[in-house]
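K.L.:
Here you go, one structure.
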Amino acid sequence: MPKITFLGHSCFTVENDQHNVIIDPFLTGNPQAAVKADDVNPDAIILTHGHADHVGDAIPISKRTGALIVSNFEISTWVGQKEANTHPMHIGGSRQFDFGKVKFTQAFHGSSFEENGNLIYLGMPMGVLLTMGGKTVYHAGDTGLFGDMRLIGEMNDISVAILPIGDNFTMGIDDAVKAVEFLQPQFVIPMHYNTWEPINADPQEFADKLKHSTAKAVILKSGESFSV
Ligand code: NI
Ligand code: MN
């Protein structure tokens, strides 16, 4: 029975009695952040791609807590060079960890990070399927709509899909509604909206457009939780 907590933008924790996993821990500088980076104590940190609004506080959190950073090979190598604890994976690969099973999916987006005035490239962007306590959560990362979401839905029994709706950099509401049709999740939580002006979107409009879907929209305010 994992508990999913929205911490603002694309940052979520997925936890049970034993383990706490944080995805895309952008807290410092996140106008929506529900907690401070110093207040989270995860076992593991999953990073979907290299953009600063997703990598966020991953390195300091990992160094403080010893949390394992799980990401693509390029991000993993980069955080490893900064002496964070890390495990590399890549798209299509899965691995059973003590905290749960991780499988990375494709996403259509970028994965760069600006460091010392240079734009470094950190591999391919990804989504993630995280299975804890028999329940699978799909966090799509930042992505546009793609047809193979149908395949992801077909091959996985998704309890909760966490999808961007903010448009401009990712899917907007209408494309996210189509993604829900492809993924067939039980519940869907919108993310990546209303953090800044270019990604303003109304989550209620998204929920209304899902009225005839079998999936139920769960709109979380930053800091709110939902258990499945
Ligand atoms: Ni991004
Ligand atoms: Mn983003």
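None of the figures in this text is laboratory data; all of them are computed from the coordinates on show. If you're wondering where the values come from, they're calculated on a predicted model, not measured in any experiment. Note that we place each Cβ from the backbone using ideal geometry, even for glycine, and neighbour counts take in every protein chain shown.
K.L.:
So which residues in region 1-27 are assigned to a strand (DSSP E or B), farther than 20 Å from S76 by Cβ and within 13 Å of ligand 2 (Cβ to nearest atom)?
P.N.:
G8
K.L.:
Being crowded, with 23+ Cβ neighbours inside 10 Å, within 14 Å of A179 (Cβ to Cβ) and more than 13 Å from the chain's Cα centre (by Cα) is the filter here; which residues of region 120-151 pass it?
P.N.:
M149
K.L.:
While we're looking at this one, here's another question. Among residues belonging to region 107-119 that are among the hydrophobic types (A, V, I, L, M, F, W, C) and within 22 Å of V177 (Cβ to Cβ), point out the one that is nearest to ligand 1 (Cβ to nearest atom). Break it down stepwise before answering.
P.N.:
Filtering region 107-119 for residues among the hydrophobic types (A, V, I, L, M, F, W, C) gives 107-108, 113, 119.
If we keep only those that are within 22 Å of V177 (Cβ to Cβ) as well, we get 107-108.
On the way: A107: 9, F108: 11 Å.
Among those residues, the one meeting the criterion is A107.
K.L.:
Let me ask another. Is it true that V40 is closer than 30 Å to P203 by Cα and within 12 Å of the chain's Cα centre (by Cα)?
P.N.:
no
K.L.:
In the set D167, D157, which member is surrounded by fewer than 24 Cβ atoms within 10 Å (Cβ to Cβ) and in contact with a helix residue (DSSP H, G or I) (Cβ under 7 Å, 6 or more places away or on another chain)?
P.N.:
D167
K.L.:
Still on this model: Do you know which residues across region 28-63 are assigned to a loop (DSSP other than H, G, I, E, B) and within 14 Å of ligand 1 (Cβ to nearest atom)?
P.N.:
Scanning region 28-63 gives N30, L47, T48, H49, G50, H51, G56.
K.L.:
If a residue must be under 22 Å from the mean Cα position of the chain (by Cα), charged (D, E, K, R) and not in a loop (DSSP other than H, G, I, E, B), how many such residues does region 202-222 contain?
P.N.:
Residues flagged as under 22 Å from the mean Cα position of the chain (by Cα), charged (D, E, K, R) and not in a loop (DSSP other than H, G, I, E, B) within region 202-222 amount to 2.
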